[in-house]
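*Asks:* Can you read through this structure? Questions will come right after.
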Amino acid sequence: MLTAASCQRSVPRALSLACRKMYATAAPAELKKTKFYDFNVSKGGKMVEFGGYLMPLQFGSVGIIESHKTTRSAASIFDVSHMLQLKFVGAGREQYIESMCTADVKALKNQSGSYTLFTNEQGGVFDDALVHRYADHMYVVWNAGHFEEKVAYLEDSIKKAKAKNIDVNYEIIPAPLIALQGPKAQQALEAVVDGPANFDSLYFMEGTFAKISGIDCRVTRCGYTGEDGFEISISPQADAVAVVEALLQKSSFVDLAGLGARDTLRLEAGLCLYGQDLNSTWTPIEASLAWTISKRRRQEGGFPGSDIIVPQIAAGVKEKRVGFVGTTRRVPRAHSPIIDPETKTQVGVVTSGSFSPNLNRPIGMAYIHTPFATNGKNLHVEGAGGAIPIEVAKLPFVKLGYKMPPKQQ
């Protein structure tokens, strides 16, 4: 039987080992380093490979669960400089972006953004991203990894757009990027911003520019943890470490966190990890992300694979992404088959699995045949030590802490 005590005894070490298996190790010479690499190492960062970079899994003796709880209760800083930041310019930049992804760019206000999916002609997902609209450019943040493939993708698509007389160009922004996440993130940020600082009117997925300790930064209210927070893109010419040090020095409740906590936080929030919960085969509808396609985009289409994706909204799909909770302390792992205990047949596959510090039990996401994808459905995951019982559950697993604008009366 699952109890908090049993989880506390057995899970922390298992969670750390599981994260180490998830993130491969490699010789430093083979991998890229962010501008925070030396700082991360000096703070006890346990470095692992992720997205072609050496990134901290956790820091010193601070465990993943402790970092997770700090983020949920106070605030943590994550080095996310491995993410690919892009700037699109030209009179046709918005037309170009809409031709590549599901975003309704025309509906975005200035200095606001949305989560979106860059799709392929087969209806699958090339990558998920954040797309932000500014008066004179589009700011896009893509996932880490497969850098050369993404650059080739951009070059080819820009060339095709120009052949259609679409005026668009892009540049890669080589800026260090950090994520300040947690319910006290605004308090921490306002303590280091130069001049009068008040972020009360900056809501989720909105951005602005600010100086932090004299350094020019782009600040966007967003994140990958389910908590309130900000992603801070720091001027490439500046001392990026000074921004992190200022945040740590001004607010004693802020701490550093690594990939291990970032993964458990995003999983509790029901957020996808590309390459596990999203790929070039599953469509946005199968991924339970139909909400990323607005009414206008559904009617007009115009993004890759729209002729496949849009009809699925009404017709339904044979399988879809769902959440699940474990009923024992054993954690189902990615790629494990999911079995219907009554018919003994496979009805799905686990895409992400971990231990939830907030729920004190295993959680995960999976793609399951639609007839079995109902909340409360009891299934089994095939594990090395035998069947692992799970129950299909609603996503997200925790209440999201995003700062949303007041509802119109």
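*Asks:* Given the protein chains as shown and a 1.4 Å probe, how many square angstrom of residue 153 are accessible, to the nearest 10?
*Replies:* 50
*Asks:* Still on this model: Just read off the accessible area of residue 369 with the full protein assembly in place, 1.4 Å probe, to the nearest 10 Å².
*Replies:* Roughly 70 Å² of residue 369 is accessible to a 1.4 Å probe.
*Asks:* Related question: Explain nothing, just compute: Karplus ³J(HN,Hα) = 6.51 cos²θ - 1.76 cosθ + 1.60, θ = phi - 60°, for every residue of the stretch 245-253 in order, whole Hz, x for Gly and Pro.
*Replies:* These are the phi-based 3J(HN,Hα) values: 4, 5, 4, 5, 6, 7, 10, 5, 7 Hz.
*Asks:* Would you work out what percent of the accessible area of the stretch 136-271, with all protein chains in place, is carbon or sulfur (probe 1.4 Å)?
*Replies:* Here carbon and sulfur together make up 48 percent of the probe-accessible area.
*Asks:* Further, regarding this structure: For the stretch 106-141, which trypsin sites (Lys or Arg not before Pro) are both in a DSSP coil and crowded by at most 11 other Cβ atoms within 10 Å?
*Replies:* Here the sparse-neighbourhood loop sites are 109.
*Asks:* Given a 1.4 angstrom probe, what's the average accessible area per residue across the chain, in square angstrom?
*Replies:* Computed with neighbouring chains in place, this is 44 Å² per residue.
*Asks:* Assuming R0 = 35 Å, can you tell me the calculated FRET efficiency for the pair residue 166 and residue 408, based on Cβ-Cβ distance, to the nearest 0.05?
*Replies:* My answer for the efficiency is 0.50.
*Asks:* Rounded to whole Hz and in sequence order, give me ³J(HN,Hα) for the stretch 162-170 from the Karplus expression 6.51 cos²θ - 1.76 cosθ + 1.60, θ = phi - 60°, writing x for Gly and Pro.
*Replies:* Calculated HN-Hα couplings, in order: 5, 5, 9, 6, 8, 7, 8, 9, 9 Hz.
*Asks:* I would also like to ask the following. Apply the Karplus curve 6.51 cos²θ - 1.76 cosθ + 1.60, θ = phi - 60°, to the phi angles in the stretch 344-352 and return the couplings in whole Hz, x for Gly and Pro.
*Replies:* Along the stretch 344-352, the couplings run 6, 10, 6, 10, x, 8, 6, 10, 9 Hz.
*Asks:* Moving on. At 1.4 Å probe size, what's the solvent-accessible area of residue 156? Round to the nearest 10 Å².
*Replies:* The value for residue 156 is about 70 Å².
*Asks:* Please work out whether the chain counts as rounded, prolate or oblate from its C-alpha gyration tensor, where a ≥ b ≥ c are the square roots of the eigenvalues and a/c under 1.5 means rounded, while otherwise a/b larger than b/c means prolate and anything else oblate?
*Replies:* oblate
*Asks:* Give the long-range amide H neighbours of residue 336: residues separated by 5 or more places, or on another chain, with amide H under 5 Å away, using H modelled in the peptide plane at 1.01 Å from N.
*Replies:* Long-range HN contacts for residue 336: 350.
*Asks:* Next question. With a 1.4 Å probe and all protein chains in place, put 55, 47 in order of accessible area, largest first.
*Replies:* Per-residue accessible area, sorted high to low, gives 47, 55.
*Asks:* Same structure again: Can you tell me the length gained on complete extension of the stretch residue 280 to residue 216, counting 0.36 nm per residue apart and subtracting the Cα distance?
*Replies:* Extra length available between residue 280 and residue 216 comes to 19.4 nm.
*Asks:* Which residues among the stretch 147-189 fall inside the zone where the amide N is under 16 Å from a point 7 Å beyond the Cα of residue 120, along Cα→Cβ?
*Replies:* 147-154, 156-157
*Asks:* Projecting each Cα onto the charge dipole of the stretch 349-409 (Lys/Arg +1, Asp/Glu -1 at the beta carbon, about the Cα centre), which of 366, 351, 404 comes out farthest on the positive side?
*Replies:* Going by the Cα projections, it comes out as 404.
*Asks:* Name the residue from 251, 99, 326 whose Cα lies farthest towards the positive end of the charge dipole of the chain, charges +1 on Cβ of Lys and Arg and -1 on Cβ of Asp and Glu.
*Replies:* Projecting each Cα onto the dipole axis, the largest value belongs to 326.
The values are calculated or read from the model by the stated rules, or taken from the named source; none is laboratory data. The structure presented is a predicted model; accordingly, all values stated were derived computationally and were not measured. No Cβ is skipped: glycine too gets one built from the backbone with ideal geometry, and neighbour counts run over all protein chains shown. Accessible surface areas use protein heavy atoms only, side chains included; no ligands, DNA or RNA. Shrake-Rupley method; radii C 1.70, N 1.55, O 1.52, S 1.80 Å.
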